[in-house]
Amino acid sequence: MTGRLENQPWLTAPATRAVIAALEAAGGPGCARFVGGCVRNALIGAPVADVDIATTLKPEETDRAIRAAGLKAVPTGIAHGTVTAVSERQPFEITTLRRDVSTDGRNATVAFTDDWAEDAARRDFRLNALYADGEGRVFDPTGEGRADAAAGRIVFVGDPGTRIREDYLRILRFFRFHAWYGRGEPDVKGLAACGDLAEGMTRLSAERVSKELMTLLAAPDPRVAMAAMAGAGVLARILPEATTGPLFEAAVELSPDPVVRLMTLFQIDERLVREASTRLRLPNSTRDRLAAAARAAPDVDLTMSDAEVRAAVYRHGDRAVADALRRRWAERPADADHALRLLALAEGWKRPPMPVGGRELARLGVEPGPETGRLLKAFEDGWIVDDFPADGHAERLAALVSLSRG
């Protein structure tokens, strides 16, 4: 035991106590311990989102214990020993202690154990191999996990190469955890192993890769982690189009939005952005947002007049223009006041509907057909140039029709 968790509302919450009581009723005191992120974050004073539990009970015993206590049990990963208990609408992921039998770098075959040290030995990083019992007493089987958490060190459990070959996603997790919990430069041995074994990431699904990347980019300051990732050759493996540097570093300062940060890793090229997004299988909303920003960027700069901002928003949409403005701001960080004013305008102005249509042209004797589309396009172009006047539409349209008839 290496201390105790103090002042943790999640630890003493009735929902948590009900789950621990259910497990200990079946397996006795000490058969269940909190594990991983909730313990790590409690020790360093970070928010705790998910509460995971490890237990010596076998999966079927866990399931029976949860149900016997009147709680809901969901067999979310029974083959790997995981049952989710739902207590007061809150999920608790409960996993039987495990050791790896074999792995192909993506999926492991496991055997269940009652040895806490064996379970800790198969985890990724020492600061994630921390446990706490129902009373909050902390256990640190590697002997270094608590010190790593306090110091901001992301260090693999045991040999880095061995841990990575068990699951190549751990390469990306190394950089993601450093972005969120690390301080200073990444662990030298871990970084070298990630670079040496980066080719193994080709075995990973695009969805797993993109999820890790976007979570990394959402960290308060991912600059050191991203630079290390690029230097080790890992970034080029998953996103060869990406370039880190001053633009990305400025974007981190200007926006916490991971999509804005990702945008600045690319050149302004809609085709390139779409191809990369498709390959990574980013959500359609993210792909479309990146593409729209790339499409809008040539029409956007920090010297725009208010009328030009409104014209760009009308043609490209408020979010695309705002994203493009943030990129331009990252290119010229000193122009903060002007950038902020243009952003406020782009995000606050509501795109007006076209004030005329085919019905108005029909009243002027124009038959439906190609001429209708041409005249409406000419009207719209002039209306935009004049900064969307609220009146005079009938006269302008009539003048266009008259001009078209010679």
| remark: Labelled set [x] -0.54, -0.95; [y] -0.70, -0.99; [z] -0.49, -0.93; log10 I(q)/I(0) by the Debye sum over Cα atoms at q = 0.09, 0.12 Å⁻¹ computed from this model equals the value at [y]
| note | With the charge dipole of region 338-398 built from beta-carbon charges (+1 for Lys and Arg, -1 for Asp and Glu) about the Cα centre, the Cα from ALA394, VAL356, LEU340 projecting farthest to the positive end belongs to LEU340
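Counting Lys and Arg as +1 and Asp and Glu as -1, each charge on the Cβ, what is the dipole of the chain about the Cα centre in debye, to the nearest 20? Don't skip to the answer; put the middle values down first.
Working: 54 positive and 58 negative charges, 109 e Å.
I would put it at about 520 debye.
Using a 1.4 Å probe, what is the accessible area per residue for region 117-253, in Å²? Mind showing how you got there, number by number?
On the way: 5410 Å² over 137 residues.
Dividing the accessible area of region 117-253 by its residue count gives 39 Å².
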| field | Size of region 251-406 as Cα extents on the principal axes (Å, biggest first) | value | 56, 37, 22
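Which of the trypsin sites (Lys or Arg not before Pro) found in region 33-140 are loop residues per DSSP with 13 or fewer other Cβ atoms within 10 Å of their Cβ? Please list the in-between numbers first.
On the way: sites: ARG33, ARG40, ARG64, ARG67, LYS72, ARG89, ARG98, ARG99, ARG106, ARG122, ARG123, ARG126, ARG137; in loops: ARG89, ARG106, ARG122, ARG123.
Hits after loop and neighbour filter: ARG89.
When the accessible area of the chain is split by element with a 1.4 Å probe, what percent falls to carbon and sulfur? Intermediate results must be reported in sequence, preceding the final value.
Values: 9630 of 19040 Å².
Carbon-and-sulfur percentage of accessible area, whole number: 51.
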| remark: At the level of C-alpha centres, the distance separating region 179-200 and region 201-279, in angstrom, is 16
| query | How far is the Cα center of region 156-174 from the Cα center of region 48-96, in Å? | reply | 26
| request: Provide the per residue accessible area, probe 1.4 Å, for region 283-406, rounded to a whole number of square angstrom. | output: 54
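Given contacts defined as C-alpha pairs under 8 Å and at least six residues apart, what's the relative contact order of region 286-406, whole-number percent?
Working: 98 pairs, mean separation 27.1, N = 121.
Once divided by the residue count of region 286-406, the mean separation gives 22 percent.
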| query | Which residue, PRO59, PRO160, PRO47, tops the fluctuation ranking in a GNM of the chain built on C-alpha contacts under 10 Å? | reply | PRO47
| query | Taking Cα pairs under 8 Å and at least six residues apart, what relative contact order does region 1-108 come out at, in percent? | reply | 22
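The values are calculated or read from the model by the stated rules, or taken from the named source; none is laboratory data. Since the model is a prediction, treat every value here as computed from it, not as a measurement. As a convention, Cβ positions derive from the backbone with ideal geometry for all residues, glycine included, and neighbour counts pool all protein chains shown. For the accessible areas, the whole protein counts, side chains as well, though only heavy atoms, and no ligand, DNA or RNA atoms are used. Shrake-Rupley method; radii C 1.70, N 1.55, O 1.52, S 1.80 Å.
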